[in-house]
Amino acid sequence: MSLHVVFSAFSLYLLLFVVNSSMDPYKALHIILNPDGTLTRLEIPPQSPPSPDPTLSTPVLSKDLTINQSNHTWARIYLPHKALDNPPHFKLPLIVFYHGGGFLFYSAASTYFHNFCVNLANQTQSVVVSVDYRLAPEHRLPAAYEDSVEALHWIKRSKDLWLTRHADYSRCYLMGESAGGNIAYNAGLRAAAEVDKIKPLKIQGLVLIQPFFGGTKRTPSELRHADDSTIPLPITDLMWNLSLPIGVDRDYEYSNPTVTAGAKVLDQIKLLGWRFAVFGCDGDPLLDRGKELVKLLEDKGMHVVGQFYGGGRHGIFVGDPSMSEKVFDLVKSFYS
């Protein structure tokens with residue numbers, strides 16, 4: 001039987017129908033693992049160009065800037081068009097966004113995430129910096145975390161006028177979806193450990209959308225959705241195998257933040273007063289992982305909101321505009 005189910009958050013165009021423990025996740029993902037440890041990706045998701053021309057009537061402008069030429073990392077900046085008319089003293093909150101893709105796929109130019117960031121910037125009236133980090137397995141974790149923290153240092157040093165004139169560095173939020181949610185969390189831990197070094201950036205909170213976490217012991221939601229049409233267990237297991245440092249399992253701190261009962265730096269984050277929001281839904285195998293993170297943060301005395309919804313699927317908060325609105329509403333409530 002042919003395989004036909006949309007692999008939404010990690011690729012809108014990867015199709016599966018029969019998903020079980022005997023499936024070949026490489027074939028399902030349309031990838032080939034090469035002898036040197038690199039991947040051949042047989043399908044590239046659709047890409048969207050930036051729109052930097054202020055003479056066009058687009059609600060949001062965007063442009064690409066290099067972060068680290070040696071690592072080929074860069075960022076796409078989104079600026080609400082109407083911000084060009086703001087007085088110099090009026091600045092917008094800054095959202096640093098990390099895209100999803102199981103650490104293996106997508107970029108900041110991928111249409112799936114580009115459209116989300118356009119709407120995010122427009123509906124929350126924020127400057128959005130979408131970070132393009134190095135992908136695994138060519139660059140295993142913590143490479144993506146290192147790139148994501150480097151992006152914060154790059155922002156604070158940048159002379160780009162969209163940032164210096166329009167972004168309020170004292171109101172900075174980290175946001176990510178799926179693997180990007182994992183990156184936002186781990187990048188946040190690293191940034192908190194060197195908070196003085198990223199000034200004048202002042203992180204106020206993290207928004208984690210269906211964050212990609214795991215563990216060696218299956219959760220009830222993972223078992224309930226083991227044959228999920230979006231991210232079945234063979235797919236998530238492969239993503240961890242290809243992205244984690246060689247020789248560790250899914251109970252490593254990068255994938256399972258609960259194994260160490262929370263990093264000590266969370267105590268520092270509590271003192272900094274950061275706010276957390278975690279989004280999830282019942283139809284997502286990762287639901288319980290998100291709830292575990294919320295409990296961990298609550299137990300540490302953090303300001304955390306768990307936004308969990310019935311039904312749905314993994315990727316719905318990016319792929320479904322009505323669910324994206326829930327994220328945007330939460331962000332706006334953080335601003336008030």
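Consider the range 299-327. How many of its residues are part of a loop (DSSP other than H, G, I, E, B), within 18 Å of residue 114 (Cα to Cα) and among the charged types (D, E, K, R)? Residues meeting the conditions: 1. A Cβ distance below 9 Å, combined with a sequence gap of six or more or placement on separate chains, defines the contacts here; from the range 51-69, residues that are farther than 13 Å from residue 162 by Cβ reach residues that are assigned to a loop (DSSP other than H, G, I, E, B) and open to solvent by 70 Å² or more (accessible area, probe 1.4 Å) in the pairs 66/72.
In the range 314-324, is there at least one residue being under 24 Å from residue 229 (Cβ atoms) and among the β-branched types (Val, Ile, Thr)?
Taking every residue of the range 314-324 in turn, at least one turns out to be under 24 Å from residue 229 (Cβ atoms) and among the β-branched types (Val, Ile, Thr).
Quick check on residue 296: is it open to solvent by less than 70 Å² (accessible area, probe 1.4 Å), aliphatic (A, V, I, L, M), farther than 17 Å from residue 204 by Cα and not in a loop (DSSP other than H, G, I, E, B)? In short, yes.
Limited to the range 107-127, what total is found for residues that are open to solvent by 30 Å² or more (accessible area, probe 1.4 Å) and assigned to a helix (DSSP H, G or I)? Selection size over the range 107-127: 6.
Within this structure, residue 215 passes the test of being touching a Lys or Arg at 6+ places or on another chain (Cβ under 7 Å), over 24 Å from residue 151 (Cβ atoms) and not charged (D, E, K, R).
Does residue 214 meet the test of being more than 12 Å from the chain's Cα centre (by Cα), closer than 23 Å to residue 318 by Cα, open to solvent by less than 50 Å² (accessible area, probe 1.4 Å) and modelled with pLDDT of 95 or more? Spelling it out, residue 214 is indeed more than 12 Å from the chain's Cα centre (by Cα), closer than 23 Å to residue 318 by Cα, open to solvent by less than 50 Å² (accessible area, probe 1.4 Å) and modelled with pLDDT of 95 or more. In the range 214-221, the condition of being free of Cβ contacts under 8 Å to residues at least 12 places away in the same chain and assigned to a helix (DSSP H, G or I) is met by no residue.
Among the residues of this structure, residue 78 counts as one that is outside any loop (DSSP other than H, G, I, E, B) and either touching a helix residue (DSSP H, G or I) at 6+ places or on another chain (Cβ under 6 Å) or small (Gly, Ala, Ser) (or both). Give the range 237-253 a look and list any residue that's open to solvent by 10 Å² or more (accessible area, probe 1.4 Å), out of contact with any Phe, Trp or Tyr (no Cβ under 8 Å at 6 or more places or on another chain) and either farther than 30 Å from residue 38 by Cβ or in contact (Cβ under 8 Å) with a residue 12 or more places away in the chain (or both), or say none. Once the filter is applied, which keeps residues that are open to solvent by 10 Å² or more (accessible area, probe 1.4 Å), out of contact with any Phe, Trp or Tyr (no Cβ under 8 Å at 6 or more places or on another chain) and either farther than 30 Å from residue 38 by Cβ or in contact (Cβ under 8 Å) with a residue 12 or more places away in the chain (or both), the range 237-253 yields 237, 246, 249, 251.
Taking (1) under 25 Å from residue 335 (Cα atoms); (2) open to solvent by 60 Å² or more (accessible area, probe 1.4 Å); (3) touching a His at 6+ places or on another chain (Cβ under 9 Å); (4) free of Cβ contacts under 8 Å to residues at least 60 places away in the same chain in turn, residue 91 satisfies each apart from (4).
Which of the residues that make up the range 151-187 are under 17 Å from residue 206 (Cα atoms), open to solvent by 10 Å² or more (accessible area, probe 1.4 Å) and not acidic (Asp, Glu)? Within the range 151-187, 169, 170, 171, 173, 186 qualify.
The values are calculated or read from the model by the stated rules, or taken from the named source; none is laboratory data. A quick note: this is a predicted structure, and the numbers were derived from the prediction, not measured. Heads up, the Cβs are rebuilt from the backbone with ideal geometry, glycines too, and the neighbour counts pull from every protein chain shown. The accessibility values were calculated without ligands, DNA or RNA, using every heavy atom of the protein model including side chains. Shrake-Rupley method; radii C 1.70, N 1.55, O 1.52, S 1.80 Å.
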